[in-house]
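Single-structure report; data block below.
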Amino acid sequence: MFNAEHKPEIGVEEPLMEGLSVVTAPNASPMTFTGTRSYILGDREVAIIDPGPNDPAHLAALQKALRGRTVSHVLVTHSHVDHSPLAHVFGAPVLAFGPSGAGMSDVMRSLQGLQGGEGIDADFAPDVTLADGDIVQGNGWQVEALHTPGHMSNHLCFAFEGGLFSGDHVMAWSTTLVSPPDGDLTQFMASLRKLQGRAEARYFAGHGPVLEDPQAMLAYQIAHRLEREAQILEALPNDIPAITAAVYKGLDSRLLPMAARNVFSHLIDLHQRGMVHCNGPISFNGRFEQVE
Ligand SMILES: [Zn+2]
């Protein structure tokens, strides 16, 4: 299902189709795969989608690719530090759903004592906020903003003539991290289902190669999460460390904290849907049982 064959030339403009190219940032890592993908949409007056991390080498590579062209818009899918920090350096208006935390659900706001904020660009401030369904028109291109919270509450995808800029919501190389309180599994599942109702045939993601069969990937990811949900329900009643140990048998112990976060994101979702009960206000330290 996943395509981990990807060897982009870092810092070099790579043409993808008529009026679309990409520059890959030098920030490869286990979380960012081969590096953040900054897209350039249009011919002479262009939009940049996800200008990328605050890295002088990446900025220089983008400036080289943009020589002889004007940037009319900077579009940001979400304000993680590998996507948004260069947004304001091009002298063009920055368009996004909102600052970090915009679009967050009440339950995520209510979570006490849970560390979050990993990799968040806390200072991110768009010049123009976009709502779901808003159309942005440039010279020779047009995009539709789709609010797709889940990986992060202010996440947008952008539909255009050639497909969809899918940010970190749906990628070809991996599933997406959904870690509370910044990530919200209830929102994430709804955002996957939202894209099932659309026809874009190719996804240009924030990391990794072009996703050529997005509907198969959407179906796979929904099924994968439902399978995990069933395993978690089977491990109840219990607390998060014990559920994590039961569901992720044999997992490298260094990865257990991340797995526990994932279990918690499922338990919050199940709690929201009235399927599990927590002994007290929902928290990472709670004990969970199935509602009969
Ligand atoms: Zn991200």
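Residues in the range 224-236 that are open to solvent by less than 50 Å² (accessible area, probe 1.4 Å) and outside any loop (DSSP other than H, G, I, E, B): ARG225, ARG228, GLU229, ILE232, LEU233. Among residues of the range 56-78 that are within 16 Å of the ligand (Cβ to nearest atom), those with a beta-carbon under 7 Å from a residue that is aromatic (Phe, Trp, Tyr) at least six positions away or on a different chain give the pairs LEU75/PHE158; THR77/PHE165. Taking the range 87-109 as the range and being in contact with an Asp or Glu (Cβ under 8 Å, 6 or more places away or on another chain), under 21 Å from ALA205 (Cα atoms) and aliphatic (A, V, I, L, M) as the test, the residues that pass are VAL94, LEU95.
Taking the range 128-195 and the strands (runs of 3 or more DSSP E) fully enclosed by it, no element has 1 or more residues that are modelled with pLDDT under 95, within 16 Å of the ligand (Cβ to nearest atom) and more than 30 Å from LYS7 (Cα to Cα). When the residues of the range 260-292 are filtered to those that are in contact (Cβ under 8 Å) with a residue 60 or more places away in the chain and more than 14 Å from PRO180 (Cα to Cα), the one that is nearest to the chain's Cα centre (by Cα) is ARG273.
Is the range 216-223 home to any residue that is at pLDDT 95 or above, open to solvent by less than 10 Å² (accessible area, probe 1.4 Å) and of a type in the set (Val, Ile, Thr)? No, because not a single residue in the range 216-223 is at pLDDT 95 or above, open to solvent by less than 10 Å² (accessible area, probe 1.4 Å) and of a type in the set (Val, Ile, Thr). When ASN27 is tested against the conditions (1) assigned to a loop (DSSP other than H, G, I, E, B); (2) open to solvent by less than 10 Å² (accessible area, probe 1.4 Å); (3) closer than 17 Å to GLU14 by Cβ, the lone failure is (2). Consider the range 79-98 and keep the residues that are within 15 Å of the chain's Cα centre (by Cα) and open to solvent by 20 Å² or more (accessible area, probe 1.4 Å). The one that is nearest to the ligand (Cβ to nearest atom) is HIS80.
The values are calculated or read from the model by the stated rules, or taken from the named source; none is laboratory data. Since we're looking at a predicted model, the values are computed, not measured. Positions of Cβ are backbone-derived with ideal geometry, glycine not excepted, and every protein chain shown enters the neighbour counts. Heavy atoms of the whole protein, side chains included, go into the accessibility calculation; ligands, DNA and RNA do not. Shrake-Rupley method; radii C 1.70, N 1.55, O 1.52, S 1.80 Å.
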